[in-house]
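What follows is a short report on a single structure.
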Amino acid sequence: MGSVTVCALPDFDAELTAAGRTHAGGGQPQGPLAQLYSRSTSPDLAAGVDSQYLSHLFARRSPTPFTKALAEGDERAGRVLAHAVDQLRSTVIEPHRSRIRSAVATRSVALSHVYVDGGASAMLRRLGHGIRLRRGVLELPTAFDADLELGQGSLRIQAVALNQGVTLAEPAGDLLTVRIPAGTAPRTDPGHQAALQSLLGTGRAEALTRIVMSGGVTGRQLASLLGVSNAAASRHAAVLRHAGLIRTLRRGQAVTHVATPLGYHLTQPETTSGP
């Protein structure tokens, strides 16, 4: 098996494309974004819609007047599409960048724990969302079910907060990116935070919350977030680590503090269900 990596940072281009896919599915059938999507292809909205994508579109269904105008380079059609994409970015992406970043970081930390403990194969088996690993073949429930043979190429797992299913990015050389739903971002609640401070103390409660919300920080970053010295941040981290609330991962020269499942759940307000 080649190298497998988990991205801790969000790909906002992928988030925009996922938002476009969702918008197209629930919006007006004749809206500019809805006309660009077919069952098997999704345009990269951040990079713009190129002729290759339009050729896929034309191969699968008859062009609408709008998509035909785009293919012919009509400037007015291009402006309509650009306006729709800009509006999508300003309403769905920009106001929620922090939530998106937090959700992606949390998902990547959970996968990284499995990766460190059990290796790449164990992590791939824990991806969920209907993904299965069988004898070196990764089965993906995309729009058209795909089987990836894990040879010596590089595989990247990218969590996407706005993804509703599993998708594949366009291959880049020997690199293939599988995009999975990130899930829900961590939450904060003033009342719950006060209870956490009573349990851990103000400094350590804030340190744990910062580590959870960021998805992982270095000691220097933690000190900066808390507004304390590196030594004080290190002491907070040591207590949290001894309590089993965080783990400290070393990769080369980099040392990162990440929350354990217990630490993550301790910071989250309890959710009740039912009447």
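The values are calculated or read from the model by the stated rules, or taken from the named source; none is laboratory data. Quick caveat, the model's predicted, so the values are computed rather than measured. Please note: Cβ atoms are built from the backbone with ideal geometry, for glycine as well, and neighbour counts cover all protein chains shown. Each accessible area value is taken on the protein alone, full model and side chains, heavy atoms only, with ligands, DNA and RNA left out. Shrake-Rupley method; radii C 1.70, N 1.55, O 1.52, S 1.80 Å.
In the set 83, 56, 96, only one residue is open to solvent by 80 Å² or more (accessible area, probe 1.4 Å), in a helix (DSSP H, G or I) and either touching a residue at least 40 places away in the same chain (Cβ under 8 Å) or out of contact with any helix residue (DSSP H, G or I) (no Cβ under 7 Å at 6 or more places or on another chain) (or both); that residue is 83. State all residues of the range 147-168 that are surrounded by fewer than 18 Cβ atoms within 10 Å (Cβ to Cβ) and either in contact with a Pro (Cβ under 6 Å, 6 or more places away or on another chain) or modelled with pLDDT of 80 or more (or both); if no residue qualifies, say none. Those that are surrounded by fewer than 18 Cβ atoms within 10 Å (Cβ to Cβ) and either in contact with a Pro (Cβ under 6 Å, 6 or more places away or on another chain) or modelled with pLDDT of 80 or more (or both): 154, 156, 164, 165, 168.
Of note, residue 191 does not satisfy the criterion of being in contact with a strand residue (DSSP E or B) (Cβ under 7 Å, 6 or more places away or on another chain), part of a helix (DSSP H, G or I), open to solvent by less than 70 Å² (accessible area, probe 1.4 Å) and at pLDDT below 85.
Can you tell me which residue in the range 169-188 is farthest from residue 25 (Cα to Cα), limited to those that are at pLDDT below 80 and among the charged types (D, E, K, R)? Across the range 169-188, the extreme among qualifying residues is 174. The one condition from (1) of a type outside the set (Phe, Trp, Tyr); (2) in a helix (DSSP H, G or I); (3) modelled with pLDDT under 85 that residue 208 does not meet is (3).
Taking the conditions (1) modelled with pLDDT of 85 or more; (2) within 30 Å of residue 218 (Cβ to Cβ) in turn, residue 77 satisfies each one other than (2). Residue 114 satisfies every condition listed in (1) buried (at least 20 other Cβ atoms within 10 Å of the Cβ); (2) of a type outside the set (Lys, Arg); (3) farther than 24 Å from residue 19 by Cα except (1).
Condition check ((1) at pLDDT 85 or above; (2) assigned to a helix (DSSP H, G or I)) across all residues:
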{"site": "225", "(1), (2)": "yes, yes"}
{"site": "235", "(1), (2)": "yes, yes"}
{"site": "239", "(1), (2)": "yes, yes"}
{"site": "244", "(1), (2)": "yes, no"}
{"site": "250", "(1), (2)": "no, no"}
{"site": "257", "(1), (2)": "yes, no"}
{"site": "263", "(1), (2)": "no, yes"}
